[in-house]
Amino acid sequence: MKYYQSEIQLKPYSRGFHLITSEVIDKMPSIKKIEIGMLHVFIKHTSASLTINENADPTVRIDFESHINKMVPENMPYYRHDYEGSDDMPAHIKASLMGASLQIPISNGKLNMGIWQGIYLCEHRDHASKRSLVLTTFGN
């Protein structure tokens with residue numbers, strides 16, 4: 001079994017849900033070397049997250065943002081953690097709900113996802129900086 005790991009920086013994204021599948025594939029050429037294995041993607045932040053969903057219709061990403069903002073609203077009187085603004089605590093809650101990592105099968109040198117699936121960066125802050133991802137592939 002072979003293991004490869006790389007840490008990459010994503011450019012700053014605006015608040016919302018963004019497809020990053022091609023960036024991940026481009027920055028992890030070891031995917032092409034693996035016949036059977038896995039890609040693990042981990043985000044090193046507490047106010048952004050990762051998920052897999054629809055990769056074709058951009059309205060899905062808009063609807064995700066609209067819905068999660070209703071689920072986890074800003075400016076709630078019971079939030080105590082607001083050092084970095086009204087989006088601070090909601091961003092942490094959203095990140096925990098969505099998750100910090102993904103595992104995707106690799107088959108014959110390609111990510112084995114459904115035809116309509118893509119990797120999303122879920123940016124929960126109004127003014128985010130670059131985001132760091134740790135990409136790990138392993139397999140034969």
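Figures for the structure shown
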item	result
The range 116-135, subset touching a Pro at 6+ places or on another chain (Cβ under 8 Å) and open to solvent by 20 Å² or more (accessible area, probe 1.4 Å), residue nearest to Pro73 (Cα to Cα)	Ala128
Test: residue in the range 46-61 that is touching a residue at least 60 places away in the same chain (Cβ under 8 Å), over 24 Å from Ser129 (Cβ atoms), of a type in the set (D, E, K, R) and open to solvent by 60 Å² or more (accessible area, probe 1.4 Å)	no
Strands (runs of 3 or more DSSP E) contained in the range 39-140 and holding at least 3 residues within 19 Å of Leu19 (Cβ to Cβ), at pLDDT below 95 and of a type outside the set (Val, Ile, Thr)	none
Hits in the range 8-22 - residues which are buried (at least 16 other Cβ atoms within 10 Å of the Cβ) and part of a loop (DSSP other than H, G, I, E, B)	Tyr13, Arg15, Ile20
Extreme residue, least open to solvent (accessible area, probe 1.4 Å), among residues of the range 23-37 that are of a type in the set (D, E, K, R), more than 10 Å from Lys2 (Cβ to Cβ) and assigned to a helix (DSSP H, G or I)	Glu23
The range 93-115: number of residues that are in contact (Cβ under 8 Å) with a residue 40 or more places away in the chain, farther than 30 Å from Asp82 by Cβ and either touching a helix residue (DSSP H, G or I) at 6+ places or on another chain (Cβ under 9 Å) or open to solvent by less than 50 Å² (accessible area, probe 1.4 Å) (or both)	7
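The values are calculated or read from the model by the stated rules, or taken from the named source; none is laboratory data. Model, not experiment: these values are computed from the prediction. FYI the Cβ positions are ideal-geometry reconstructions off the backbone, even for glycines, and counts take in every protein chain you see. The protein model used for the area step is the full one, side chains on, heavy atoms only, and it has no ligands, DNA or RNA in it. Shrake-Rupley method; radii C 1.70, N 1.55, O 1.52, S 1.80 Å.
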